[in-house]
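Peer 1: Here it is, the structure, as structure tokens.
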Amino acid sequence: MVMHMNELIKRIFEFILNKEVIPEDLMYEFSQDTMNFVRKKECEDLPEVFGDFQSYVELFWHSRKYNQIQNPKIIYQMGQLLAYVNMISDSVQDEEEELSLEDCANRWKNRYPVFKAVYYERGITHKKLAQLSGLSPSSLSQFLSKIRSEKVFLSRTMGREKHYYLTEKGEKIYHLLSEKQLSQVCSTYTKELNTGILNVQETIQNIEPAITNIFMAILGNGSLPSNTNVEKRKEMALADIIDARKLISNDEEEIWERDSKTWEVLSGIS
């Protein structure tokens with residue numbers, strides 16, 4: 001895309017400098033490249049020549065060079081180009097703002113409680129904000145003084161109390177911080193859940209040999225004719241016990257019936 005837009009701008013530039021009408025296919029291609037860039041929002045895809053191109057198009061209108069153009073078609077196309085370069089410029093500014101917000105969120109992530117308290121209680125007093133954020137009043141003052149230049153918080157003095165609000169930028173940073181907090185909690189929970197699953201699996205693996213030993217002790221009297229029949233009865237009894245335990249949360253009476261049946265099977269084996 002970089003090479004394509006680079007060559008496209010150079011070709012369009014030639015027509016502009018020669019005060020000629022730009023072919024419609026070039027205008028269409030440039031409009032498509034503009035829309036693709038705006039959708040992707042990737043500054044690195046913007047060729048270096050774009051800066052000069054943007055300056056020339058803007059100068060055309062700011063210095064009223066259109067008064068020197070006789071062909072209205074050329075003036076119309078220059079208007080189209082101004083719209084396109086403004087769209088790209090706005091997209092670049094939005095991306096730079098997002099990067100700036102991300103940087104702020106990373107730097108002030110330890111002060112998330114401050115952002116949260118001000119977001120949920122607009123106009124909160126200094127004293128209450130210190131209490132909710134877990135900071136001393138002096139530490140809170142130092143933080144607010146340090147971040148003042150970034151225009152994240154607004155403060156208004158009413159009587160003896162100072163009240164705080166988040167700016168639009170401050171609210172965006174709060175939402176970024178909230179997403180990071182949620183992601184961190186989910187990650188921690190997932191790790192704990194995985195650890196729990198591993199512990200359960202390990203417990204099951206430790207119990208299985210013990211269950212097998214119990215059944216082998218029950219079957220150790222040699223009263224059954226073959227090993228195949230022994231294994232089959234052992235599997236039936238074990239499956240019955242597992243099925244019975246699954247019903248514990250659903251139906252107490254049925255559990256007793258299943259336990260009774262299980263006992264009959266075990267009694268039959270012995």
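Quick note: the coordinates plus some simple rules give every number you see, no bench work behind them. All of these numbers come straight from a predicted model, not from anything done at the bench. Positions of Cβ are backbone-derived with ideal geometry, glycine not excepted, and every protein chain shown enters the neighbour counts.
Peer 1: Using only the Cα atoms of the stretch 2-93, build the gyration tensor, take square roots of its eigenvalues as a ≥ b ≥ c, and label the shape rounded, prolate or oblate: rounded if a/c is under 1.5, else prolate if a/b is larger than b/c, else oblate.
Peer 2: Prolate is the answer for the stretch 2-93, as a/c is 1.5 or above and a/b outweighs b/c.
Peer 1: So how far, in whole Å, is the C-alpha centre of the stretch 13-30 from the one of the stretch 139-168?
Peer 2: Measuring centre to centre over Cα atoms gives 52 Å.
Peer 1: Does the stretch 108-207 come out rounded, prolate or oblate by the C-alpha gyration tensor, with a ≥ b ≥ c the root eigenvalues, rounded set by a/c under 1.5 and, if not, prolate when a/b is larger than b/c and oblate if not?
Peer 2: In terms of gyration-tensor shape, prolate.
Peer 1: Explain nothing, just the number: dipole magnitude of the stretch 108-207 about its Cα centre with +1 on each Lys and Arg Cβ and -1 on each Asp and Glu Cβ, in debye rounded to the nearest 20.
Peer 2: 680 debye
Peer 1: Set the Förster radius R0 to 22 Å, insert the Cβ-Cβ distance between ARG160 and GLU121 as r into 1/(1 + (r/R0)^6), and round the FRET efficiency to 0.05.
Peer 2: 0.75
Peer 1: Sort CYS186, CYS104 so that the residue with the fewest other Cβ atoms within 10 Å of its own Cβ comes first and the one with the most comes last.
Peer 2: Lowest to highest Cβ neighbour count: CYS186, CYS104.
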